[in-house]
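Here the structure is laid out as structure tokens; the discussion comes afterwards.
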Amino acid sequence: MNPINQLILSVIRLLPRSVVRRFAMRYIAGEELDDAVRAVRAINSKKMTGTIDVLGENVSTREESLAAVRECEAVLHSIQKNDLDSNLSIKLTQFGLKMDEEFCYSNVKRLLETASGCNNFVRIDMEDSSTTSATLKLYERLRSDGLANVGLVIQANMRRGLEDVQRLIPMKANIRLCKGAYLEPESIAFRNREEIRLRYLKLLRTLLEGKCYVGIATHDDFLIGSAYQYIHEMNLAKSTYEFQMLHGVRTKLRDQIVDRGHRLRVYVPFGQYWYAYSIRRFKENPQIAWYVFQAIFSRS
Ligand code: FDA
């Protein structure tokens with residue numbers, strides 16, 4: 001991390017939690033499930049769908065993983081009970097991926113079965129590169145075991161992205177395509193902004209041509225404009241893709257996308273681990289820390 005970003009992060013760490021909370025809550029629905037329900041209800045009222053994420057990752061005990069499964073099941077039941085238009089996003093390290101892959105598999109399988117009973121869908125987020133191969137392997141196993149209500153994420157900054165996409169196309173995987181939030185070594189990832197954009201577009205075209213359902217997850221005007229162009233050129237039905245954006249980010253752009261008649265899904269994280277999560281995200285992506293820093297000091 002460069003010294004300026006290091007400094008920004010240090011200042012954020014010195015601030016009282018209550019101050020950081022005010023700004024972290026721009027990106028997070030709240031600490032309780034009810035907060036996420038309220039956020040998704042508001043999103044649905046704007047003709048957008050949601051995907052709820054229970055904050056937490058890298059758990060170190062089986063008990064914590066099982067608690068996460070129960071919490072995610074509660075989310076699925078609550079979506080159904082409240083008649084929300086939302087699915088669920090999960091992180092495999094919250095389900096024990098780093099402790100025991102078999103245990104993680106059984107946790108995710110159980111969750112997908114609950115989701116299926118609620119007529120819902122679960123998206124597996126992609127975490128840092130230490131988990132990519134295991135995540136893909138687990139996803140492929142779920143699909144080959146006949147579990148279809150599950151999708152995956154591909155990160156355009158990863159050099160392996162195209163190979164992974166080609167592996168996923170034959171199974172018509174439902175893919176969220178994003179730039180990638182984790183700082184990875186140059187040997188395995190693109191670091192240059194323009195290179196990542198070009199790669200994103202290459203992967204997007206490949207997935208759309210491969211007839212995969214794509215969640216176009218970005219707030220980048222250039223990528224969104226290019227996606228509109230592909231959709232037009234390929235004469236794609238609105239039911240074959242959706243745009244996706246993070247809670248609290250570029251809300252005007254969200255409205256414009258919906259006004260153009262495209263589907264749009266908002267990623268809604270909630271939970272008690274918001275502080276650790278926010279600090280980790282700030283570290284992984286100093287640009288986010290900069291947004292928070294600016295927000296704090298422009299308003300105070
Ligand atoms: P970029 O960062 O260039 O942002 C474009 C513009 O959007 C910025 O100039 C700024 O104006 C605005 N903006 C972006 N982020 C902002 C913020 N936090 N606050 C304020 N303004 C902001 N990554 C990953 O590795 N694994 C995953 O599973 C996911 N999942 C995921 C789901 C969804 C729905 C989204 C939208 C994103 C992810 N990501 C992710 C994160 C993704 O990889 C990426 O880090 C961010 O989306 C930022 O990249 P953009 O494409 O938005 O471009």
(request) Could you check THR131 against (1) open to solvent by less than 40 Å² (accessible area, probe 1.4 Å); (2) touching a Phe, Trp or Tyr at 6+ places or on another chain (Cβ under 9 Å) and say which number it fails? (result) (2)
(request) Please note which helices (runs of 4 or more DSSP H) are completely contained in region 1-86 and include at least 2 residues that are at pLDDT 95 or above and within 29 Å of LEU112 (Cα to Cα). (result) 33-45, 62-81
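Taking the conditions exactly as written (farther than 23 Å from LEU76 by Cβ, away from the ligand (no atom under 11 Å from the Cβ), within 20 Å of the chain's Cα centre (by Cα) and open to solvent by less than 20 Å² (accessible area, probe 1.4 Å)), does VAL165 satisfy them or not? Even if it seems obvious, please write down each step before you answer.
Numbers: farther than 23 Å from LEU76 by Cβ: yes; away from the ligand (no atom under 11 Å from the Cβ): yes; within 20 Å of the chain's Cα centre (by Cα): yes; open to solvent by less than 20 Å² (accessible area, probe 1.4 Å): yes.
Yes.
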(request) Answer yes or no: is there a residue in region 138-148 that is open to solvent by less than 10 Å² (accessible area, probe 1.4 Å), more than 13 Å from the ligand (Cβ to nearest atom) and more than 18 Å from the chain's Cα centre (by Cα). (result) yes
(message) Considering only residues that are surrounded by fewer than 18 Cβ atoms within 10 Å (Cβ to Cβ) and within 12 Å of the ligand (Cβ to nearest atom), which ones fall in region 183-200?
(response) LEU183, ARG193, GLU194
(message) Please go through (1) part of a loop (DSSP other than H, G, I, E, B); (2) more than 16 Å from the ligand (Cβ to nearest atom); (3) within 16 Å of ALA67 (Cα to Cα) for LEU97 and return the number of the only condition it doesn't satisfy.
(response) (2)
(request) Could you grab the pairs with beta carbons closer than 7 Å, sequence gap of 6+ or different chains, first residue in region 81-104 and farther than 14 Å from LEU138 by Cα, second one outside any helix (DSSP H, G or I) and of a type in the set (S, T, N, Q)? (result) ASP85/THR49; SER86/THR49; SER86/THR51; ASN87/THR51; ASN87/ASN120; LEU88/THR51; LEU88/ASN120; SER89/THR51
(request) Could you look through region 207-253, keep only residues that are within 9 Å of the ligand (Cβ to nearest atom) and among the polar types (S, T, N, Q), and pick out the one that is farthest from ALA29 (Cα to Cα)? (result) THR218
(message) Restricting to region 21-55, count the residues that are open to solvent by less than 10 Å² (accessible area, probe 1.4 Å) and of a type outside the set (A, V, I, L, M).
(response) 4
(message) Being under 28 Å from TYR182 (Cα atoms) and more than 16 Å from the ligand (Cβ to nearest atom) is true for just one of LEU88, LEU55, LEU111. Which residue is that?
(response) LEU111
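The values are calculated or read from the model by the stated rules, or taken from the named source; none is laboratory data. What you see is a predicted model, and the numbers here were worked out from it, not measured in a lab. Cβ atoms come from the backbone with ideal geometry, glycine included; neighbour counts cover every protein chain shown. Protein only, heavy atoms only, side chains kept; ligands, DNA and RNA dropped before computing areas. Shrake-Rupley method; radii C 1.70, N 1.55, O 1.52, S 1.80 Å.
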